[in-house]
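Below: one structure, written as structure tokens.
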Amino acid sequence: VLQIVKESQQQHGLRHGDFQRYRGYCSRRLRRLRKTLNFKMGNRHKFTGKKVTEEILSDNRYLLLILMDAERAWSYAMQLKQEANTEPRKRFHLLSRLRKAVKHAEELERLCESNRVDAKTKLEAQAYMAYLTGMLRFEHQEWKAAMEAFNKCKTIYEKLANAFTEEQAVLYNQRVEEISPNIRYCAYNIGDQSAMNELMQMRLRSGGTEGLLAEKLEALITQTRAKQAATMSEVEWRGRTVPVKIDKVRIFLLGLADNEAAIAQAENEETKERLFESLLSECRDAIQAVREELKPDQKQREHSLENDSGKVSNIQYLHSYLTYIKLSTAIKRNESMAKSLQKALLQPQRSDEDGKRSPRPQDLIRLYDIILQNLVELTQLPGLEEDKNFQKEIGLKTLVYKAYRCFFIAQSYVLVKKWSEALVLYERVLKYAREVQSGAGAHRNSLKELPDVQELITQVNAEKYSLQAAAILDANDPHETESPSQVKDGKPLSERFETFCLDPSLVSKQVSLVHFPPGFQPIPCKPLFFDLALNHVAFPPLEDKVEQKAKSGLTGYIKGIFGFKS
């Protein structure tokens with residue numbers, strides 16, 4: 001039963017949470033099964049209900065009919081659950097569909113008690129029935145009945161997992177893991193306070209809650225913190241106590257320690273990144289709530305003074321504290337991402353697979369730029385301008401991150417063989433690191449969470465020797481300077497026909513054949529003539545060379561006819 005259900009769900013929409021698509025698949029499969037088994041419910045004009053009984057249970061597809069009926073009702077209920085977030089009235093239809101699914105599951109369990117069904121199918125039918133019953137009781141908030149049903153389902157699946165091979169047991173163990181948070185949630189609502197910690201651990205290990213429990217667990221965490229927030233009235237930061245009157249800020253501050261502990265215990269980078277994003281989102285909401293309190297009094301929003309003592313107001317100081325938490329969390333997140341990128345850089349470079357680009361030092365430079373920008377914003381927080389210890393601490397952190405930023409800039413120069421620039425940057429890294437060591441003093445406790453500067457100095461010294469050796473080898477390497485076949489001077493092909501050169505760009509799309517558009521070339525200009533002597537020149541007479549004009553008139557005409565010429 002479980003294998004059929006899981007395969008159908010994964011292949012028809014539930015891999016992406018599309019319950020409507022899965023419901024359509026169940027309906028189509030039911031129609032095909034009824035047609036194949038000739039088990040139609042009347043005709044197009046009249047409905048005639050039929051029930052599957054033990055007498056006609058000659059084909060296992062009759063059991064499949066009831067299973068698909070239960071799956072169709074369950075998938076419709078889950079679809080309505082998604083839509084009920086915006087339309088609460090659909091919750092009543094949801095419960096109706098779940099009851100229908102349980103009814104079909106009961107019928108399946110009753111039919112599986114027949115002697116024609118093997119023991120494994122009987123157990124799976126019982127577990128399937130218990131699972132749907134637990135889901136229904138869970139939605140009705142009948143915690144004790146739901147817990148009993150889920151425990152029965154869990155027990156059956158655990159026994160089945162132990163009875164079969166490891167490959168078959170994987171499916172049963174997955175279902176056990178799915179229902180375990182529901183059992184803990186029911187136990188918490190019954191009165192078991194220790195279940196809350198176990199739920200938090202499950203949420204942390206799974207990388208986020210899914211399915212039926214997701215929204216309920218988040219609401220439970222918020223509800224628990226809200227109860228604790230009722231007793232919280234003030235917070236102390238850097239020697240100043242500030243009253244906290246906004247409920248959203250109280251809830252956030254109470255959950256801050258738990259969230260930081262969850263981040264520290266995260267097993268992989270993906271889970272850690274998700275928890276960082278969740279914490280930053282809650283922090284932004286709390287800051288927005290404080291800003292709304294600041295709006296009625298614009299004077300307090302801009303460095304308001306109390307009793308002319310130079311201190312900012314309590315609400316403004318609380319805003320600075322929350323902003324400090326947000327910026328510090330952003331720095332920790334970027335530092336975590338930088339550490340994972342550094343590990344990836346140390347691994348052997350692989351060819352790009354699935355379109356993913358391999359990490360480069362430039363990626364780390366961008367992260368450290370963001371960290372330095374956050375540190376600049378920290379120094380500008382209202383109420384902390386006169387706190388010299390705070391400014392000194394931020395200054396030391398800035399030097400640490402500047403050293404790492406310079407280090408990875410130097411690494412990027414090494415990749416393009418710019419040896420002198422890289423060497424200068426390595427010296428700058430050592431300068432920043434020594435400044436941190438000399439100025440740490442009383443601030444060593446605050447620098448414990450930062451990257452180790454001494455380790456960076458050791459690494460830079462090793463890189464310097466490696467760089468100097470690479471520079472010497474590169475300067476003595478003759479094959480790049482003496483071989484004319486490898487020289488590329490940037491001339492187009494039309495200007496170097498007489499010289500052989502191995503140019504890979506000739507077979508690429510950016511081939512350089514000629515200069516286009518062609519450059520301008522000098523040509524002689526058209527001469528200009530100025531005739532200055534024409535008006536002062538006397539031409540010789542030409543009358544003797546000019547033929548006189550023939551006589552015209554009747555006499556000339558007659559002579560012309562008869563050939564007489566003068």
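The values are calculated or read from the model by the stated rules, or taken from the named source; none is laboratory data. Remember, predicted model here, so these are calculated numbers, not experimental data. Backbone-built Cβ (ideal geometry, glycine too); neighbour counts: all protein chains shown. Please note that ligands, DNA and RNA were not included when accessible areas were found on the heavy atoms of the full protein model with its side chains. Shrake-Rupley method; radii C 1.70, N 1.55, O 1.52, S 1.80 Å.
A few notes on this one:
- Inter-probe distance in nm under a simple model that places probes 7 Å from Cα toward Cβ, at Q468 and Q20: 7.0 nm
- At R0 = 22 Å, FRET efficiency that the Cβ-Cβ distance of S96 and Q141 yields, to 0.05: 0.85
- Ordering A84, G134, A105 by Cα displacement along the dipole of region 66-142 toward the positive end leaves A84 in first place; charges were set at the Cβ atoms of Lys, Arg (+1) and Asp, Glu (-1).
- Around the amide H of W237, modelled in the peptide plane, lie the amide H atoms of V242, all under 5 Å away and 5 or more residues distant in sequence or on another chain.
- Beyond 26 Å in Cα-Cα separation lie the following of the pairs K248/K326; K81/K120; K50/K154: K81/K120; K50/K154.
- Solvent accessible area, Å² - K295, 1.4 Å probe, full protein context: 110 Å²
- Cross-link pairs beyond the 25 Å C-alpha cut-off, checked among K90/K122; K6/K122; K245/K295: K90/K122
- Between Q174 and K509, the modelled labels are 4.2 nm apart [label points 7 Å from Cα along Cα→Cβ].
- As an equivalent ellipsoid, region 1-74 spans semi-axes of 24, 15, 9 angstrom, where each value is the square root of five times an eigenvalue of the C-alpha gyration tensor, largest first.
- Calculated FRET efficiency for the pair E158/L37, C-beta based, R₀ 25 Å, to 0.05: 0.10
- Rounded to whole numbers, the Karplus 3J(HN,Hα) couplings from phi for region 163-179 are 8, 10, 5, 5, 5, 6, 6, 4, 5, 5, 5, 4, 5, 4, 5, 5, 8 Hz, using 6.51 cos²θ - 1.76 cosθ + 1.60 with θ = phi - 60°, and x at Gly and Pro.
- The figure for Y401 is an accessible area of roughly 0 square angstrom, using a 1.4 Å probe on the protein chains alone.
- When R116, R291 are compared by accessible surface with a 1.4 Å probe, the order from highest to lowest is R116, R291.
- The phi torsions of region 359-369, fed into the Karplus equation with coefficients 6.51, -1.76 and 1.60 and a -60° offset, translate into couplings of x, 10, x, 4, 5, 5, 4, 5, 5, 6, 4 Hz, rounded to whole numbers, with Gly and Pro shown as x.
- Rounded to whole Hz, the Karplus (6.51, -1.76, 1.60) HN-Hα couplings of region 505-514, x for glycine and proline: 5, 5, 10, 9, 7, 9, 6, 10, 9, 9
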